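The values are calculated or read from the model by the stated rules, or taken from the named source; none is laboratory data. As the structure is a prediction and not an experimental result, all values here were calculated from the model. Every residue, glycine as well, gets a Cβ built from its backbone with ideal geometry; the counts of neighbours run over all protein chains shown. The protein model used for the area step is the full one, side chains on, heavy atoms only, and it has no ligands, DNA or RNA in it. Shrake-Rupley method; radii C 1.70, N 1.55, O 1.52, S 1.80 Å.
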Amino acid sequence: MDFKLGRINLNKVAQGVGGLVFGSENATSSEDSHVERLLDRINNGVLAEDKRAAMAELQSLVAESSSAQLAFGAMGFPVLISVLKEDREDIELVRGALETLVSSLTPVDTAQRPKNAIQPASMNSDLLSREPESISLLLSLLSEDDFYVRYYTLQLLTALLSNSLNRLQEAILTIPQGITRLMDMLMDREVIRNEALLLLTYLTRNAEEIQKIVVFEGAFEKIFSIIKEEGGSEGGVVVQDCLELLNNLLRNNASNQILLRETVGVEPLISILGLRGSAYNFTQQKTVNLLSALETIELLLIGDPETGSGKDVNRMSNQNALAQKKVMEHLLMLGVENKWVAVAVRSLALRVIGDLVVKNSQNLETLASKFTGEDSRPEPALNSILRIVLRTNSVQEFISADYIFKCFCEKNIDGQTMLASTMTPQPSAMSHAIVQDDSNLSFGSMLLRGLISSESEGDLETSCRAASVLSHILKDNVRCKELVLQIQLEAPLPSLGAAEPLMHRIVKYLALSSARSKDADQGDASLAGRSYMQPIILRLLIAWLSDYPPAVHCFLDSPAHLTYLLELVSTSNVSVYVRGLAAFLLGECVLYNKNDSGEGRRDAFAVVDAISQKIGLTAYFLNFDEMQKSAFFTSAPSTSERKPLTRSTAASTTEIEDAENDGTDMKHEHPILVSVFDIQFVNLLRRLEVDIREGIVDIFSHPKSKVVVVPAELEQKGGESDGDYIKRLKLFVEKQCNEMQDLLGRNSTLAEDLAKSGGGSPSVSDQRLSSGTGRERVQVENLRRDLQEASQRIEILKSEKSKIESEATKYRDLATKMESDLKSLSDAYNSLEQANFRLETEVKALRSGGSVDLEAIKAEAREEAQKDSEAELNDLLVCLGQEQSRVEKLSTRLAELGEDVDSLLEGIGDDAGIPDEDDDDDDDDEN
């Protein structure tokens, strides 16, 4: 960065930008000139006092005017950073420079500026953060002894993080010991510590590498030390900042969660939940602190979604560690027993209880054995939680308490059976007793009273809530479905008849809730916002009938049930969710209907026939397609999706509750409706849809083959002759054949429509069904089959033709190759013939000529042989010369060694001077 101030150019830049943002160039030129003069005094001044005075004036001007901020951003950063680098000894000037930089990044006049206008503070923050050297310089100032230098430096870094978080995170990671210096500030004076805490809270958001370094620097110990020093949940906003920093370190970070367990443990965290002082004194800050601590525990219990199968291992370890430190007692105190706690705290405490027990057998047993209330009148904790479900006025509290039963029943067959076994109907007199007097009832009896008590009160709210709990108990548990199916309820009045099954009463409430929904649509304000009632009851029935034929038969025992369900699916006055769930329930009546007797309306074929007659299969399947396009199917909410609790979301109690409810992007839907369509239920519906489509298409493709009803026409009437009887039988059989052909044609056509459209436009198949007779459809079907067979034959012929053409091409290529080879052989043969002819011609010429000079030929041969002999002799002489040279060298060497050469050479000369091969070898060895 260039630290020299170019007055004219930068002034023009500042004026131009100021004119662009604030309108008139003349309106801002005076402030631009003023800022420029002050920067010139700071940069080129000689007297220290004058530079300090100019710095103080500049700070005041920048803190009060947006145009001055803009001008300073264009000209001032190089000057002030130069001061921080070169004038470290002048502490007062450095303080002023830091304070001026902080003021340049702090927005002013925000209320008077349009929303889409350029923000000078944001622009200045972006300019300062783009230079990595500036961040390193600021971090180095944290080691200064002056308190205000460190304080203003932390404020400046925090302001930079607020506007340029990602860029500053990357810059700090590249600076050695940068995070270490920030962590050291946590042990500084209180004001410095609080600023450093706020800075680290910003810095650790969604930055895994920084989180690891912060934890390595002992963050957990320092955080809990500050929380203890500040008074735990009774402390101020510093405790909230500590817990927010702790949550940043633990969110979706399994390794940090493991380090927390293995280092400081979870006991310091649980101690924050302990209520001190007055049990009814809950300030807003205390509420926020408790919410933050509960959020920390929730983060430990939901694990890390990115770790796959290891997620459950880490989550179960956290569950066990928290349960060993008696966190259940604190959660029950906050969520169930203490009525002075804010609704937001109670709701979150209940949700955390659910996360603590889900899929953990030991914690499930602990919750089932817990008691709440006073020692004189203890009550099972599950009963107390059920009472919250049935009576609370808070939607969020109901959702959280219902979530406990959902988690309790998840893959807990024994627990579900235990709850279902207590469901015994009370006498009619007891069922109409005061609702509040239920302290002596068992869990199941209290649940049954909640199911049926709304009938006398004229409000189905309590029944719907009880139905939600019952759906969790029945989910994927055949034994519980059997137990609850056997429950018979007394009629409200003896004159109304015998007892009725519980399922029939629930279907009755479904019809009543439909009527209440119509009243709400017509303007009944007391019933507004109850769009969740029918989906809750339908979810219960879907869970009950799922893979359990006896429940299907019980549902179809009443002909009115099927009729009402068909009307509910076909009506347009209800929401897409109600029609879709009713369509799923209707599909279960087909899919899980194992009755083969054909008795009444309980036959699956009769149900499918009723669907096609009353609704139309394409219109019926269209409900599934509409459900798939709904928000719940395209983005089913997960229970682990929660908005982090920060200072901005915890500014007031209202905002706290809104933050609790803001768990999904579908804000226009009722929160209870969102909880009904959780990810598990949506997945169940997706699987059901596939099975229902296949089952119904299979029924249409394979019509029922046997008829068990024996018509009266088959019996011979009294006084009827045998001939008349036979004639009447023939007419009856002919009529039945025509009807069967009509049914076959209809079923075949519908099956084809289903295969082609898969739930398309409902008008196509209906028009096709309404046109023509059954016989014409059968004839058309036969023609279609003949056409299909002819097409298949054509395809076979095409295949054979292609195969023959392929073989012909192959043989053609082979013939071409053989022809080429034959031509090559012919050419070679012709060449041989020509050579042979030439040789024969020469031989004939030699024989016929007789003038060959044999003597000349012999002389020529002798001359060539003599040349060869001379060449060989020359080679031999060369070899003899080489051997003679070797002998001379050896003789000289032997004479030097003192050997008698003459005695050694005796007899050698007799061998004609040609050295023997063995002698050569000996000479080589000696050499």
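Structure notes:
- Residues located in the range 32-50, provided they are touching a residue at least 40 places away in the same chain (Cβ under 8 Å) and buried (at least 23 other Cβ atoms within 10 Å of the Cβ): Val35, Leu39, Ile42
- The set of residues from the range 58-73 being open to solvent by less than 30 Å² (accessible area, probe 1.4 Å) and out of contact with any Phe, Trp or Tyr (no Cβ under 9 Å at 6 or more places or on another chain) comprises Ser65, Ala68, Gln69, Ala71, Phe72, Gly73.
- Only one of the numbered conditions (1) open to solvent by 10 Å² or more (accessible area, probe 1.4 Å); (2) free of Cβ contacts under 8 Å to residues at least 40 places away in the same chain; (3) within 36 Å of the chain's Cα centre (by Cα) is violated by Met187, and that is (3).
- Residue that is surrounded by the most Cβ atoms within 10 Å (Cβ to Cβ), among those in the range 333-353 that are in contact (Cβ under 8 Å) with a residue 24 or more places away in the chain and out of contact with any Leu (no Cβ under 9 Å at 6 or more places or on another chain): Ser347
- Matching residues in the range 359-383 - criterion: being in contact with a strand residue (DSSP E or B) (Cβ under 7 Å, 6 or more places away or on another chain) and either open to solvent by less than 10 Å² (accessible area, probe 1.4 Å) or β-branched (Val, Ile, Thr) (or both): Thr372, Ala381
- Test for Leu197: is it closer than 26 Å to Gln319 by Cβ, open to solvent by less than 20 Å² (accessible area, probe 1.4 Å) and not aromatic (Phe, Trp, Tyr): no
- Residue in the range 546-575 that is least open to solvent (accessible area, probe 1.4 Å), counting only those that are under 30 Å from the mean Cα position of the chain (by Cα) and either closer than 20 Å to Ser612 by Cα or of a type in the set (S, T, N, Q) (or both): Ser546
- Of Leu356, Leu386, all but one fail to be touching a residue at least 24 places away in the same chain (Cβ under 8 Å), open to solvent by less than 10 Å² (accessible area, probe 1.4 Å) and more than 14 Å from Met328 (Cα to Cα); the exception is Leu386.
- Residue that is over 16 Å from Arg37 (Cβ atoms), within 49 Å of the chain's Cα centre (by Cα) and either crowded, with 20+ Cβ neighbours inside 10 Å or among the small types (Gly, Ala, Ser) (or both), where the choices are Leu80, Leu84: Leu84
- Residues (over 17 Å from Leu275 (Cα atoms), part of a helix (DSSP H, G or I) and not hydroxyl-bearing (Ser, Thr, Tyr)) located in the range 325-364: Arg351, Val352, Ile353, Gly354, Asp355, Leu356, Val357, Gln362, Asn363, Leu364
- Glu244 vs. criteria more than 18 Å from Leu356 (Cα to Cα) and in contact (Cβ under 8 Å) with a residue 60 or more places away in the chain: yes
- Of all residues in the range 120-139 being in contact (Cβ under 8 Å) with a residue 40 or more places away in the chain and small (Gly, Ala, Ser), the one that is nearest to Leu84 (Cα to Cα): Ser134
- Tally, over the range 215-237, of residues that are aliphatic (A, V, I, L, M), under 17 Å from Ser271 (Cβ atoms) and within 34 Å of the chain's Cα centre (by Cα): 1
- Search result, residues across the range 137-150 that are within 21 Å of Glu217 (Cα to Cα) and open to solvent by 50 Å² or more (accessible area, probe 1.4 Å): Ser143
- Residue match in the range 10-20 (condition: farther than 24 Å from Ser129 by Cα, modelled with pLDDT under 85, open to solvent by less than 30 Å² (accessible area, probe 1.4 Å) and polar (S, T, N, Q)): no
- Residue within the range 109-123 that is at pLDDT 85 or above, over 17 Å from Ser65 (Cα atoms) and open to solvent by 50 Å² or more (accessible area, probe 1.4 Å) present: no
- Count of the range 687-703 residues which are surrounded by fewer than 14 Cβ atoms within 10 Å (Cβ to Cβ) and in a helix (DSSP H, G or I): 4
- Selection of the range 393-409 for residues being open to solvent by 10 Å² or more (accessible area, probe 1.4 Å) and within 10 Å of Ile353 (Cα to Cα) yields only Tyr403.
- Once the range 655-708 is narrowed to residues that are modelled with pLDDT under 60 and of a type in the set (A, V, I, L, M, F, W, C), the residue that is nearest to the chain's Cα centre (by Cα) is Met666.
- Failed criterion for Val94 (all others in (1) modelled with pLDDT of 80 or more; (2) farther than 19 Å from Glu49 by Cα hold): (2)
- Among the residues of the range 343-382, just one is touching a Phe, Trp or Tyr at 6+ places or on another chain (Cβ under 6 Å) and small (Gly, Ala, Ser), namely Gly354.
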